[in-house]
Amino acid sequence: MSKVLVSDTIDQAGIDILSQVATVDVKTGLKPAELIEIIGEYDALMIRSGTRVTQEIIEAGTQLKIIGRAGVGVDNVDVPAATRKGIVVVNSPEGNTIAAAEHALAMMLALSRHIPDANASVKRGAWDRNSFIGAEVYKKTLGVVGLGKIGSHVATVAKAMGMKLLAYDPFISTERAEQIGCQLVDLDLLFQQADYITLHIPKTPETTHLINAVTLAKMKPTARIINCARGGIIEETALAAAIKAGKIAGAALDVFESEPLGESELRSLGKEIILTPHLGASTTEAQVNVAIDVAEQIRDVLLGLPARSAVNIPGLGPDVLEELKPYMQLAETLGNLVGQLAGGRVELLNVRLQGELATNKSQPLVVASLKGLLYQALRERVNYVNASIEAKERGIRVIETRDASARDYAGSLHLEATGTLGTHSVTGALLGDKEIHLTDVDGFPINVPPSKYMLFTLHRDMPGIIGKLGSLLGSFNVNIASMQVGRKIVRGDAVMALSIDDPLPDGILSEITKVPGIRDAFTVTL
Ligand SMILES: NC(=O)c1ccc[n+]([C@@H]2O[C@H](COP(=O)([O-])OP(=O)(O)OC[C@H]3O[C@@H](n4cnc5c(N)ncnc54)[C@H](O)[C@@H]3O)[C@@H](O)[C@H]2O)c1
Ligand SMILES: O=C(O)CC[C@@H](O)C(=O)O
C-alpha cells in the first residue's frame, strides 16, 4: 500500500479520501531535518503553507510521486526541483477563493471602522466612542491589483457595496474587467486615485516590493492598503514608515515577508494597522474544499491517473484535461507502440495532431506521446511532468504539426519515430465508445484495437502467407486472438497486425522472417 505523509493540519475529509488508497501518517510541526529523515518512506506529501518543501527534502523523497498543496500558492515548494525528479505538484486553485476574498473584504471594513481596536477597548472595560470614528466605503474608490479569482470576487462584492472600481492586471482583457464592473487603469493612476488598494497577485520577481517608499508616496494620505495575497509584495519597513509619517491612512495585512511575523515595527503601530496570522484561507468551508480537492488528486495520481490541477504539467488545466483525457491514453499507447516498432535509440519524434485535435489545446498530447515513447526505457519513472525533460536529455527532437483538414476520424494522432534502426509510424483514433483503435501502421490502413501483446509483420500480399504464419505460431503454442491485414494495393506490400494471448517465445521472430514473403516482424508489449 502507498504511504502519504500529511505534514500540516488538514481537514479530516482529506485524510478520509487518502485512507481509501494509502496509509496516512499525520505528522505536523516537523523540523526540516526531521522531514528529510522520514520523507524517503513516502509516496506522497500533503502540505499547507506551514511546510517548506526545499530541494533537499525533494532529493530525500526517493519514492515521492506527488506533492499536494492544500491551497493556492505553491511558493513554499521548490517546483523546478520537483519537476526535474518527475514529481507532480498539485494545488487547489479555487478551494479557498471565497474565503480569501471575504477576508480581504472583512479587513477593509474592519480597518475603516477600527473594529479590532474598538473591540479591544470595550473588552478592557472602556466605553470610548470618540476615538473610533471611521470612514465609509460607499462611493469610495477601490483599486484592485490582480483581477484573478480572488480579486474578481472582491471587486464584485465591493461593487454591490457602492464602491467605484479601478483595476490593474496586465493579463486581463478590458472586456473581462468591464464584465466585473472594473475600469482597467495603469498602476500609477490606481495608486493616485484609490481610497483603498487591495492586492490579489502572486509574489513574483515583478511583484516583489511592488509597494515601496516610491509607490507609497504616490498614494492619497487617506489611502488604506489591504494585503491578503503574499508577504513580500509590500516592503514592510517602507509601509510602517509611511503610516507613521501620515503618508497613507493605514493597512491591513494577512501575509508577511517572513512568517510567522517576528520582531516588526508593524506591531508597534496603532489602530491604523490590522494584522492577522495568514488567515485568508482559514474557514471551515475552505479547509474542507482544499483538503478534498488535493486529497482526490493525490489519490488519483497514486492510482496512476492524471491530476486535474498539476502546476508543473504545461497546458494541462482541469478543463483541458476533461476534454483530452480519452486522447491522453491514445497518445501514450501510440508513443509506446511506435517506440517499440522503431527499436534502437529514437532521435526524432514527429507528432501530427489531426482533425479536431489540431488545436493549441492539444499540446499535452505531445507530452503524453513522449511519456509512451519513453516508457520502455524508464518504466514508472517517466510521467507527464518529466517526459519532455527526459526526452530532451536523451537528445530526442520533437516536431509537432497540426492538420485540421485530416477528417478520416473526428480527431486522430499520427506519430512517426526515427531512430538508429529506421523510421516507423502509427496513427490512432477513438472510435465508438471512445475505444482506442490503430488506424494505420507504417502507412498501411488497418483498424484494430491495441492489445497487450501484438505482432506486426511487413510482408508481400500473396496467397498462403497467413496460413504459414498461423501454423508457425501454432507450433510455438502461440494463440492468436485476432488478425488483420492492411494493404494499399492487391499483391503489393502489406502489414499484418496480430493480437496474441501471450508474449512471443524467444527466437520465434527470426523464424517468422524466414517465412517466404515476410520481410520484417516486430513484437510489442503495450
Ligand atoms: N491569504 C491567504 O490565505 C490566501 C489564500 C488564497 C490565495 N492567496 C493568494 O492570493 C493571491 C491571488 O490568488 P488567486 O487565486 O486570485 O490567483 P489568480 O491566479 O486567480 O489571480 C492572480 C491575478 O494576478 C494577475 N497578475 C499576475 N502578475 C501580475 C502583476 N505583475 N501585476 C498585476 N497583476 C498580476 C494575474 O493576471 C491574475 O489575474 C495569490 O498570491 C495567492 O497565493 C492567499
Ligand atoms: O494554507 C493556508 O492556510 C494558506 C493558504 C493560502 O495562502 C493559499 O495560497 O492558498
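The values are calculated or read from the model by the stated rules, or taken from the named source; none is laboratory data. Just so we're clear, the structure is a prediction, and the values are computed from it rather than from any experiment. All Cβ positions, even for glycine, are placed from backbone atoms using ideal geometry, and neighbour counts span all protein chains on display.
Points worth noting:
- When Asp300, Asp319 are screened for being out of contact with any strand residue (DSSP E or B) (no Cβ under 8 Å at 6 or more places or on another chain), more than 30 Å from Ala251 (Cα to Cα) and within 16 Å of ligand 1 (Cβ to nearest atom), only Asp319 passes.
- Failed item in (1) touching a strand residue (DSSP E or B) at 6+ places or on another chain (Cβ under 8 Å); (2) away from ligand 2 (no atom under 16 Å from the Cβ); (3) in a loop (DSSP other than H, G, I, E, B); (4) farther than 20 Å from Gly246 by Cα, with Met219 passing the rest: (4)
- Scanning region 160-216 for residues that are away from ligand 2 (no atom under 16 Å from the Cβ), at pLDDT below 95, surrounded by 12 or more Cβ atoms within 10 Å (Cβ to Cβ) and assigned to a loop (DSSP other than H, G, I, E, B) returns Asp169, Ile172.
- Qualifying positions in region 78-95 - within 16 Å of ligand 2 (Cβ to nearest atom), buried (at least 23 other Cβ atoms within 10 Å of the Cβ) and aliphatic (A, V, I, L, M): Val89, Val90
- Residue in region 230-246 that is more than 16 Å from ligand 2 (Cβ to nearest atom), acidic (Asp, Glu) and in contact with an Asp or Glu (Cβ under 7 Å, 6 or more places away or on another chain) present: yes
- Looking only at region 61-77, and only at residues there that are among the aliphatic types (A, V, I, L, M) and more than 9 Å from ligand 2 (Cβ to nearest atom), the one that is farthest from Tyr384 (Cα to Cα): Val77
- Test: residue in region 135-142 that is in contact (Cβ under 8 Å) with a residue 60 or more places away in the chain and either in a helix (DSSP H, G or I) or over 34 Å from the mean Cα position of the chain (by Cα) (or both): yes
Each row is one residue, and each column tells you yes or no for (1) assigned to a strand (DSSP E or B); (2) surrounded by 18 or more Cβ atoms within 10 Å (Cβ to Cβ).
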residue: Leu438; (1), (2): yes, yes
residue: Asn447; (1), (2): yes, no
residue: Met462; (1), (2): no, no
residue: Gly470; (1), (2): no, no
residue: Gly486; (1), (2): yes, yes
residue: Ala497; (1), (2): yes, yes
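- Pair list, Cβ < 7 Å and 6+ apart or interchain, from region 56-76 residues that are closer than 21 Å to Ile15 by Cβ and touching a residue at least 40 places away in the same chain (Cβ under 8 Å) to residues that are away from ligand 2 (no atom under 14 Å from the Cβ) and among the β-branched types (Val, Ile, Thr): Lys65/Ile87; Lys65/Val88; Lys65/Val301; Ile66/Ile87; Ile66/Val88; Ile66/Ile298; Ile66/Val301; Gly68/Ile298
- Per the conditions (1) modelled with pLDDT under 95; (2) crowded, with 18+ Cβ neighbours inside 10 Å, the sole criterion not satisfied by Glu102 is (1).
- Breaking point among (1) touching a residue at least 24 places away in the same chain (Cβ under 8 Å); (2) within 16 Å of ligand 1 (Cβ to nearest atom); (3) touching a helix residue (DSSP H, G or I) at 6+ places or on another chain (Cβ under 7 Å), for Leu275: (1)
- Contacts under 8 angstrom Cβ, first residue in region 160-180 being over 13 Å from Ile197 (Cα atoms), partner outside any loop (DSSP other than H, G, I, E, B) and charged (D, E, K, R), 6 or more apart: Ile180/Lys159
- Verdict on Glu259 being within 14 Å of ligand 2 (Cβ to nearest atom) and either acidic (Asp, Glu) or more than 20 Å from Asp16 (Cβ to Cβ) (or both): yes
- Count - residues of region 495-516 that are among the small types (Gly, Ala, Ser) and more than 21 Å from Val448 (Cβ to Cβ): 2
- Subset of region 450-460 that is surrounded by 14 or more Cβ atoms within 10 Å (Cβ to Cβ) and not aromatic (Phe, Trp, Tyr) - its residue that is farthest from Ala417 (Cα to Cα): Arg460
- Neighbours by Cβ (under 7 Å, 6+ apart or cross-chain): first from region 373-384, at pLDDT 85 or above; second assigned to a loop (DSSP other than H, G, I, E, B) and among the acidic types (Asp, Glu): none
- Residue that is more than 16 Å from ligand 1 (Cβ to nearest atom), free of Cβ contacts under 8 Å to residues at least 60 places away in the same chain and either assigned to a loop (DSSP other than H, G, I, E, B) or surrounded by 18 or more Cβ atoms within 10 Å (Cβ to Cβ) (or both), where the choices are Gly270, Gly262, Gly231: Gly262
- Filtering region 22-60 to residues that are of a type in the set (Ser, Thr, Tyr) and more than 15 Å from ligand 2 (Cβ to nearest atom) leaves Thr23, Tyr42, Thr54.
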